[in-house]
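K.L.:
Here it is, the structure, as structure tokens.
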Amino acid sequence: MIRGRFFWIGIAGLVVVYLAGLFARLMENDSAQFAVMALRMVQEQDFLNLWKGTEEYLDKPHLHYWLAAFSYTLFGIHDWAYRIPAVLATFLGGYSCYGLGSALYSERTGRMAALIFMSAQTIVLSVIDVRTDAVLTGFAVFSMWQLYLYLRDGRLAPLLWGAAGAGLAFSTKGQIALLVIALPLACQLVYTRKWERLWNPRLLWGLLIFVLVISPMLYAYYQQFDLHPEKVIRGRDHRSGIFFIFWEQSFERLSGEGVGKNSSDYTFFFHTFLWVFLPWTVLGILAFRDKALDFWKAFRSGTRKGEVLTLGGITLIFAIISFAQFKLPHYLNITIPLFAVLTAAMLERWEMEGRLKALVRVSRVQFGIYTLLAIASLLLCVWVFPLGQPLGYVLLFLGIGLGGLLFFRPLSPLQRTFWISVWASILVNLVMNAHFYPSLLRYQGGSEMAALIERESVPVTQIYKISNQHTWALDFYFGKPVQQVSPEQLPGEAAWVYADEKERSQLQEAGYAWDREYAVDQFRISRLQARFLNPETRPQVLRKRYLLRVLPTKP
């Protein structure tokens with residue numbers, strides 16, 4: 001059954017997965033960068049101005065950083081404190097998937113949708129490598145759920161809650177939040193033709209709530225940018241923060257202007273979806289296909305039944321973001337709640353229609369996916385980063401064996417399909433969060449150097465860098481941004497310099513000398529490659545980061 005204690009066991013397993021990753025070190029670039037930006041707010045007691053290193057930050061609104069700063073204030077400056085708002089927002093997203101699935105279909109669909117959402121690979125990753133998308137997704141799906149209830153029933157309370165959720169989502173990432181909330185709802189509105197909801201005077205209350213919620217963010221933008229037209233941001237002065245967030249932001253992302261272009265591949269999100277929705281990818285594709293066929297049949301027959309919120313939302317969001325010149329995998333996160341509801345609804349419908357053969361086939365497919373993920377987990381623990389402790393191998397093999405027991409237990413085809421998929425996510429992400437990421441982060445030079453600085457009692461007031469390259473992980477665990485100077489500006493007494501291989505060579509060629517040197521391995525861990533994962537070829541792709549105690553005078 002997908003209810004009662006079985007449902008809560010699934011939730012508990014996913015909570016353990018999230019907790020296992022809560023205490024991992026922060027990853028560069030975005031996660032560590034955003035954590036430092038929030039850290040700076042707290043240290044300088046300046047909650048209106050956003051800074052990215054030495055540059056004023058226009059790109060994204062303030063709410064994500066405010067939430068992190070509030071968490072720091074409550075719990076102290078810790079990596080796990082930075083992640084807490086993302087975890088809570090993900091729980092809100094799961095609860096909202098339950099609400100949306102229940103409203104569109106049934107409570108059982110809602111329960112399955114919540115578990116599918118919280119176990120999807122990109123959602124689990126977003127709570128470890130925390131950017132703005134975890135908070136955005138949580139507030140956006142909450143708003144979507146509440147505003148759908150308003151469209152369906154016309155009641156005031158869900159309209160107000162939905163407007164508040166939309167305001168929080170907009171205050172997290174700007175225009176894209178309103179787009180991903182509005183597109184699915186617009187599809188449903190057009191399909192059901194409940195035009196009277198648009199002319200209801202109650203909408204003015206919703207608009208008021210939305211304006212009130214976004215007003216702190218708008219005030220911060222106004223104070224930082226609109227009041228200072230002399231500031232030059234990306235080569236332009238007279239930048240209005242309010243105009244930017246209401247108009248320019250998304251167009252810059254679509255065109256690549258300002259943020260740069262990283263992909264003109266219009267199929268990027270289609271092949272990216274293959275991994276972001278694991279282990280539910282095949283089921284998600286089947287669910288989308290079935291829903292599209294049902295819609296086409298209904299359209300040809302002239303009938304209007306069911307919902308198109310999920311199908312229309314997914315289709316339009318994919319179409320729009322595929323034309324953006326700047327693309328990242330986590331842009332798909334906002335579609336995961338829609339896929340979760342769609343997939344859960346398909347599974348329940350198949351069982352209700354007695355399509356047992358289809359359920360048996362997909363259960364075998366899901367067991368195949370589970371087997372591949374189990375093999376990948378085994379390789380990570382035996383070959384890529386060996387566990388080293390016998391107890392770890394015992395737990396790993398017990399976990400893999402539990403998946404086999406789930407599949408061969410006398411369960412219904414739906415239950416077998418569903419629970420082997422949930423367990424696949426729990427197994428692989430426990431391995432990732434408890435073992436792989438901590439091992440991987442040993443090769444992130446900044447955080448490793450911060451640990452070395454603490455271990456060796458290096459005086460933090462005497463540490464400098466001689467280039468403008470960002471050092472986010474070191475900055476966070478260092479406790480403040482590392483001061484940048486030129487070599488000639490190094491203080492007269494012995495100073496410590498954090499440098500990469502090129503900068504070390506430049507100091508050496510310029511005649512500087514040092515009497516102490518520490519080195520740590522460095523790899524861009526957000527861009528994994530086969531040569532790094534292979535222990536035999538890993539040394540070939542590693543670089544070094546150095547901490548040098550430079551002497552006061554040249555030799």
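Read-outs throughout are calculated quantities, based only on the coordinates presented, and are distinct from any laboratory measurement. It should be emphasised that the depicted structure is a prediction, and the values quoted were computed from it without experimental measurement. When we count neighbours, we look across all protein chains shown, and the Cβ atoms used for this are built from the backbone with ideal geometry, even at glycine.
K.L.:
Figure the gain on full extension for GLU517 and MET352 (residue separation times 0.36 nm, minus the Cα-Cα span) and round it to one decimal in nm. List each step's numbers first, then the result.
P.N.:
Values: separation 165, 0.36 × 165 = 59.40 nm, distance 6.84 nm.
52.6 nm is the gain from fully extending GLU517 to MET352.
K.L.:
When the dipole is taken about the Cα centre of the chain, and only Lys, Arg (+1) and Asp, Glu (-1) are charged at their Cβ, what size is it in debye, to the nearest 20? Walk me through the numbers on the way to the answer.
P.N.:
Working: 53 positive and 40 negative charges, 445 e Å.
Taking the Cα centre of the chain as origin, the dipole is about 2140 debye.
K.L.:
Could I ask something else about it? Taking trypsin sites (Lys or Arg not before Pro) as candidate sites, keep only those in a DSSP loop with at most 10 other Cβ atoms within 10 Å, then name the longest stretch of the chain containing none of them.
P.N.:
On the way: sites that count: ARG193, LYS305, ARG527.
Counting only loop sites that pass the neighbour cut-off, the longest clear stretch is 306-526.
K.L.:
Taking only C-alpha pairs under 8 Å that are 6+ residues apart, what is the relative contact order of the chain in percent? Write down the numbers at each step before the final one.
P.N.:
Values: 844 pairs, mean separation 85.9, N = 555.
Rounded, it is 15 percent for the chain.
K.L.:
Please list 3J(HN,Hα) in residue order for the stretch 478-484, calculated via the Karplus relation 6.51 cos²θ - 1.76 cosθ + 1.60 where θ = phi - 60°; whole Hz, with x for glycine and proline.
P.N.:
Each residue's phi maps through the Karplus curve to give 5, x, 6, x, 5, 6, 9 Hz.
K.L.:
Something else about it: Mind sorting HIS470, HIS62 by how few other Cβ atoms lie within 10 Å of their own Cβ, fewest first?
P.N.:
Working: HIS470 20, HIS62 25.
Lowest count first: HIS470, HIS62.
K.L.:
Given H placed on each backbone N at 1.01 Å, which residues far from TRP514 in sequence or on other chains put an amide H within less than 5 Å of it?
P.N.:
LEU551
K.L.:
Limiting things to C-alpha atoms, what are the Rg and the maximum Cα-Cα separation (Dmax) for the stretch 444-550, in angstroms?
P.N.:
Over the stretch 444-550's Cα set, Rg and Dmax evaluate to 14.3, 45 Å.
K.L.:
While we're looking at this one, here's another question. Averaging the inverse of every distinct alpha carbon separation and then flipping it gives the Kirkwood radius. What is it for the chain, in angstrom units? Working shown, then result.
P.N.:
On the way: mean 1/r = 0.0393 Å⁻¹.
That comes to 25.4 Å for the chain.
K.L.:
Cβ under 15 Å from ASP294's Cβ, ASP294 left aside: what net charge do those residues give with Lys, Arg +1 and Asp, Glu -1?
P.N.:
On the way: positive: ARG289, LYS291, LYS297, ARG300, ARG304, LYS305, ARG349, ARG355; negative: ASP290, GLU307, GLU348, GLU353.
Once all neighbours under 15 Å are counted, the net charge is +4.
K.L.:
Output the pairs from LYS173/LYS327; LYS465/LYS502; LYS173/LYS480; LYS194/LYS305; LYS60/LYS327; LYS52/LYS544 with a Cα-Cα distance over 21 Å in this structure; if there are none, say none.
P.N.:
Values: LYS173/LYS327 15 Å; LYS465/LYS502 13 Å; LYS173/LYS480 25 Å; LYS194/LYS305 14 Å; LYS60/LYS327 16 Å; LYS52/LYS544 25 Å.
In this structure, LYS173/LYS480; LYS52/LYS544 exceed 21 Å between Cα atoms.
K.L.:
Stretch PHE75-LYS194 to full length: gain in nm at 0.36 nm per residue minus the Cα-Cα span? Intermediate results must be reported in sequence, preceding the final value.
P.N.:
Details: separation 119, 0.36 × 119 = 42.84 nm, distance 4.70 nm.
Extra length available between PHE75 and LYS194 comes to 38.1 nm.
K.L.:
Just name one of VAL87, VAL428, GLY492: the one whose Cα is farthest towards the positive end of the charge dipole of the chain (beta-carbon charges, Lys/Arg +1, Asp/Glu -1).
P.N.:
Final value for the positive-end residue is VAL428.
K.L.:
Under a 5 Å amide H to amide H cut-off, with H placed in plane at 1.01 Å, what residues pair with LYS327 once short-range neighbours are removed?
P.N.:
Here the answer is ASN262, SER263, since their amide H atoms fall under 5 Å of that of LYS327.
K.L.:
Using a 7 Å offset from Cα along Cα-Cβ at SER505, what residues in the stretch 529-544 end up with backbone N under 20 Å from the label point?
P.N.:
Only 539-544 fall inside the zone, counting backbone N under 20 Å.
K.L.:
For the residue pair ASP153 and VAL211, what label-to-label distance in nm results when each label sits 7 Å from Cα along the Cα-to-beta-carbon direction?
P.N.:
It is 2.8 nm.
K.L.:
Could you run the Karplus curve 6.51 cos²θ - 1.76 cosθ + 1.60 with θ = phi - 60° over the stretch 98-105 and give me ³J(HN,Hα) per residue in whole Hz, x for Gly and Pro?
P.N.:
Per residue, the Karplus-derived 3J(HN,Hα) values read 4, x, 5, x, 5, 5, 7, 10 Hz.
K.L.:
If you rank TYR437, TYR222 by fewest surrounding Cβ atoms within 10 Å, what's the result? Please list the in-between numbers first.
P.N.:
Working: TYR437 21, TYR222 16.
The fewest-first ordering by Cβ neighbours comes to TYR222, TYR437.
K.L.:
Given 0.36 nm per residue, what is the gain on full extension from LEU405 to GLN462 after removing their alpha carbon distance, in nm?
P.N.:
Working: separation 57, 0.36 × 57 = 20.52 nm, distance 5.79 nm.
Gain on stretching LEU405 to GLN462: 14.7 nm.
K.L.:
Still on this structure: Please identify the longest segment of the chain free of exposed GluC sites (Glu not before Pro), where exposed means a DSSP state other than H, G, I, E or B and no more than 15 other Cβ atoms within 10 Å. Could you put the intermediate results ahead of the total?
P.N.:
On the way: sites that count: GLU230, GLU257, GLU353, GLU456, GLU493, GLU536.
The segment 1-229 is the longest one with no such site.
K.L.:
Between GLN325 and ARG527, with labels modelled 7 Å along Cα→Cβ, what's the label distance in nm to one decimal, could you check?
P.N.:
About 2.0 nm, to one decimal.
K.L.:
Here's something else I'd like to know. Kindly write out, for the stretch 192-206 in residue order, the coupling ³J(HN,Hα) from the Karplus curve 6.51 cos²θ - 1.76 cosθ + 1.60 (θ = phi - 60°), rounded to whole Hz, with x marking Gly and Pro.
P.N.:
8, 6, 8, 5, 4, 5, 7, 9, 6, x, 4, 4, 5, 5, x
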